[in-house]
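Notes follow once the structure below has been shown.
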Amino acid sequence: QVQLVESGGGLVQAGGSLRLSCAAPGRTFSTDAMAWFRQAPGKEREFVAAISRSGISTLYTDPVKGRFTISRDNAEKMVFLQMNSLKPEDTATYYCNAHPSYSAISTMTTAAFWGQGTQVTVSS
């Protein structure tokens, strides 16, 4: 299993920005695609964004397109999520995860292993 440590969440007003970070030590990070997911209270976990192992390819769920940007630093074994123009509906706990297949990573919402997540709260 890949150890995953998310950080960077907080309370922000609508229209504001946050930058989430995910550290994935203890594994050959550059061999995995990485992704961000989120789970709002009372809702199922959902896919947010993914990035290929090289960082060349990215994928976003429609509600965040044009507002969120995923990036990674393979040397530091980190993945980031820059979130701009935040909306109250973005309020959730955000998680990162890893998968050897970029094409499959968006479907791993029910994976068994997750980090502790980082809470994002957007006030209206």
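The values are calculated or read from the model by the stated rules, or taken from the named source; none is laboratory data. Note that the structure is predicted; figures quoted are calculated from it, not measured. All Cβ positions, glycine included, derive from the backbone under ideal geometry; neighbour counts span all protein chains shown. Surface accessibility is based on the protein's heavy atoms, side chains included, excluding ligands, DNA and RNA. Shrake-Rupley method; radii C 1.70, N 1.55, O 1.52, S 1.80 Å.
If you place +1 on the Cβ of every Lys and Arg and -1 on the Cβ of every Asp and Glu, how big does the dipole about the Cα centre of the range 57-124 come out, in debye to the nearest 20? List each step's numbers first, then the result.
Working: 5 positive and 5 negative charges, 12 e Å.
That gives a dipole near 60 debye.
When the Karplus curve 6.51 cos²θ - 1.76 cosθ + 1.60 is applied with θ = phi - 60°, which whole-Hz ³J(HN,Hα) does each residue of the range 91-98 get, with x for Gly and Pro?
4, 4, 8, 9, 10, 10, 7, 10
As an exercise, identify the trypsin sites (Lys or Arg not before Pro) in the range 62-124 lying in DSSP coil whose Cβ has no more than 11 other Cβ atoms within 10 Å.
On the way: sites: K65, R67, R72, K77; in loops: K65, R67, K77.
For trypsin sites (Lys or Arg not before Pro) across the range 62-124 that sit outside H, G, I, E and B with at most 11 neighbouring Cβ atoms in 10 Å, the list reads K65.
Lysines within cross-link reach of K65: Cα-Cα under 24 Å, excluding same-chain residues under 8 positions apart?
Straight-distance partners of K65: K43, K87.
What is the spread of the Cα atoms of the chain along each of their three principal axes, largest first, in whole Å?
If we take the Cα atoms of the chain, the spans are 40, 27, 23 Å.
Where the accessible area of the range 15-124 is counted over protein heavy atoms with a 1.4 Å probe, how much of it, in %, is carbon and sulfur? It would help to have the intermediate numbers written out before the result.
Values: 2590 of 5220 Å².
It is 50 percent, rounded to a whole number.
Taking only protein heavy atoms into account and a 1.4 Å probe, give the accessible area per residue of the range 46-124 in Å². Present the calculation step by step, with values, prior to reporting the outcome.
On the way: 3780 Å² over 79 residues.
With the other protein chains kept in place, the range 46-124 gives 48 Å² per residue.
What number do you get for the range 16-68 when its Cα radius of gyration is normalised by 2.2 N^0.38 Å, N = residues?
On the way: Rg = 12.7 Å, N = 53, 2.2 N^0.38 = 9.9 Å.
Here the answer is 1.27, to two decimals.
Would you please name the GluC sites (Glu not before Pro) within the range 21-88 that are DSSP coil residues with at most 16 other C-beta atoms within 10 Å of their C-beta? Could the numbers behind the result be given before it?
On the way: sites: E44, E46, E76; in loops: E44, E76.
Taking the range 21-88 and a limit of 16 other Cβ atoms within 10 Å, the loop GluC sites (Glu not before Pro) found are E44, E76.
Rounding to the nearest 20 debye, state how big the charge dipole of the chain is about its Cα centre with +1 on each Lys and Arg Cβ and -1 on each Asp and Glu Cβ.
Values: 11 positive and 9 negative charges, 19 e Å.
Dipole magnitude for the chain comes out near 80 debye.
For the range 58-124, run through the chymotrypsin sites (Phe, Trp or Tyr not before Pro) and keep only the ones in DSSP coil with at most 13 other Cβ atoms within 10 Å of their Cβ.
On the way: sites: Y60, F68, F80, Y94, Y95, Y102, F113, W114; in loops: Y102, F113, W114.
Those satisfying the criteria are F113.
Testing the spin-label approximation: label points 7 Å from Cα along Cα→Cβ at D73 and A111. State their distance in nm.
Here the answer is 2.1 nm between the modelled labels.
When the Cα centres of the range 8-24 and the range 41-84 are compared, how far apart do they sit, in Å?
12 Å
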